[in-house]
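Nothing in this text is a laboratory measurement; each read-out follows from the coordinates by a stated rule. Worth saying up front: this structure is predicted, and the values here are computed from it rather than measured. We place every Cβ from the backbone using ideal geometry, glycine too, and count neighbours over all the protein chains shown.
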Amino acid sequence: MTVLMLRGFAIHKDYLGRDRQERLVEAVREIVRAAPLFSPQTPYGKPMSVRMTSAGDYGWYADRSGYRYTPTHPNGAPWPNIPEEVLSIWRDLVGEEKLPECCLVNFYGETARMGLHQDRDEADFDWPVVSVSLGDSARFRIGNTERGGSTESVWLESGDVVVMGGAARLTYHGVDAIRYGSSNLLDNGGRLNLTLRVVT
């Protein structure tokens with residue numbers, strides 16, 4: 001395993017072996033059975049190209065009234081618990097002092113993208129965001145703490161884990177391409193991205 005540092009992002013290449021990736025996919029399937037994927041709208045009324053769901057005490061949500069965390073799925077059911085297979089990544093890379101309260105699950109199909117954004121709906125930015133890549137490779141773009149300026153990008157492969165913390169916690173970042181079909185982890189292709197966040 002190699003740790004690549006890029007603009008304060010710690011990118012743990014090949015952090016997860018194939019067996020562990022497969023166990024995580026099964027854990028995600030359990031999440032999706034309890035809390036089906038949905039396509040949120042941005043406050044501007046445009047549907048996001050990723051489909052998503054969550055596990056934990058809170059799930060991330062977006063609609064015309066804004067971005068926020070909610071205690072229930074859009075269907076009214078509480079979010080399922082974060083699987084231990086997922087929590088073990090946080091324990092290894094962040095520690096036990098405080099565990100994540102949300103595991104956001106994003107599914108990227110062939111044409112899905114995520115524009116440059118900050119993760120700033122949480123109450124305490126002292127805790128990092130931990131991001132897990134499963135399935136097809138994604139071109140991950142990193143900007144600055146303010147909009148504009150130069151950017152850099154790196155391809156994230158299945159099994160890579162990114163820790164975004166410290167001075168980089170509020171850095172703009174996004175996904176601007178999927179190398180569709182580059183992995184056989186998911187039966188029908190695509191990419192799963194799990195992001196672990198402390199919300200309160």
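Observations, loosely collected:
- P(r) weight above 12 Å for segment 57-103, C-alpha pairs, percent: 65
- Relative to the compact-globule estimate of 2.2 N^0.38 Å, the Cα radius of gyration of the chain comes out at 0.94.
- Relative packing of peptides 83-93, 144-154, 125-135 - highest average C-beta neighbours within 10 Å first: 125-135, 83-93, 144-154
- Nearest-0.05 FRET efficiency for Asn184 and Glu152, computed from C-beta distance (R0 22 Å): 0.15
- Stretch gain in nm, segment Arg23-Thr70, where the contour uses 0.36 nm per residue and the Cα spacing is subtracted: 14.2 nm
- With Cα atoms as the point set, the radius of gyration and Dmax of segment 54-149 evaluate to 14.7, 42 Å.
- Overall form of segment 148-200 per C-alpha gyration tensor (a/c, 1.5; a/b vs b/c): oblate
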